[in-house]
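Remarks on the structure that follows.
What follows draws every value from the coordinates through simple rules; no lab data is involved. Only a predicted model underlies this, so the values are computations on that prediction, with no experimental measurement involved. Cβ placement follows ideal geometry from the backbone for every residue including glycine, while neighbour counts extend to all protein chains displayed.
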């Protein structure tokens, strides 16, 4: 006697995986569930059934058995959709909507997507992972659908009954790709600035940068003297007149001066902590963070102590 059937457009290995996910949740040892898999070129069909004589002997209400098994199936199918099918959905979306991405870029994006989707917390108050929440919502939708049906086409169910789930996947993909593109553009820009710095002649050997309590930068030479070289001071003044913000002024000045060595003092006063990482990326091993030295001790009034 048939209990339930599932159709899916997937390979034999994934089909067997789905069967195992469903039967893993079935705990009734008195009634054995038989399975039959029918393969075709495009899709596979799984039929779950039980011996009618066994039902008559061990189960007074056939409908109760069907409903109990549907619940097991819903749990297994939700696991299959999230753990197996989801990656294929993502790959399909990337192929159709983001065809301009290189294969290597898609690999990077998929890895980041899986990290975000698997590790993101849906509700921090009870520490529910986003992945668990997705499965719970799918189970709810499945139980509602299976209440009036003994067969399920998984791809059709995902496309027409899980629109919110797909919208969430699209949203995560868009966010990860946007972050990837921004990071790629940033790295290319840093690479260009690094090249510009490397090819030009340094205009000073060493520059000490004192960061005061307001986050403003002060430039000193290796003798703790305010930079008074006419060219350098004129350059800094010109950049300042162009209404650059404090961080832009710092980077623009350093790139143009291209010192051989850059030392930050009182770096903990820097308002935007990413600025130092950016400078490190541009100047590589030329950048040093001082923890305590005579320059620091001589400029504590600038720091604000």
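Figures for the structure shown
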{"read-out": "Cα gyration tensor shape of region 1-56, rounded if a/c is under 1.5, else prolate or oblate by comparing a/b with b/c", "value": "oblate"}
{"read-out": "Descending Cα extents along the principal axes, the chain, whole Å", "value": "100, 42, 29"}
{"read-out": "Residue 108-residue 43 pseudo-label distance in nm [points 7 Å out on the Cα-to-Cβ vector]", "value": "3.8"}
{"read-out": "Inter-site label distance for residue 71 and residue 290 at 7 Å from Cα along Cβ, in nm", "value": "7.1"}
{"read-out": "Pair residue 167, residue 93: separation of 7 Å Cα→Cβ label points (nm)", "value": "1.3"}
{"read-out": "Amide N of region 282-302 lying under 17 Å from the label point, which is placed 7 angstrom from the Cα of residue 206 along Cα→Cβ", "value": "285-299"}
{"read-out": "Angle in degrees between helix 86-97 and the longest Cα principal axis of the chain, rounded to the nearest 10", "value": "60"}
{"read-out": "For peptides 75-81, 91-97, sequence by mean Cβ density within 10 Å, most packed first", "value": "75-81, 91-97"}
{"read-out": "Sorted by Cβ neighbour density within 10 Å, fewest at the top, the residues 15, 273", "value": "273, 15"}
{"read-out": "Residue order, fewest to most beta carbons within 10 Å, for 166, 85", "value": "166, 85"}
{"read-out": "Shape of region 154-216, Cα gyration tensor, a/c cut at 1.5", "value": "oblate"}
{"read-out": "Neighbour-count ranking [beta-carbon atoms within 10 angstrom, fewest first] of 45, 7", "value": "45, 7"}
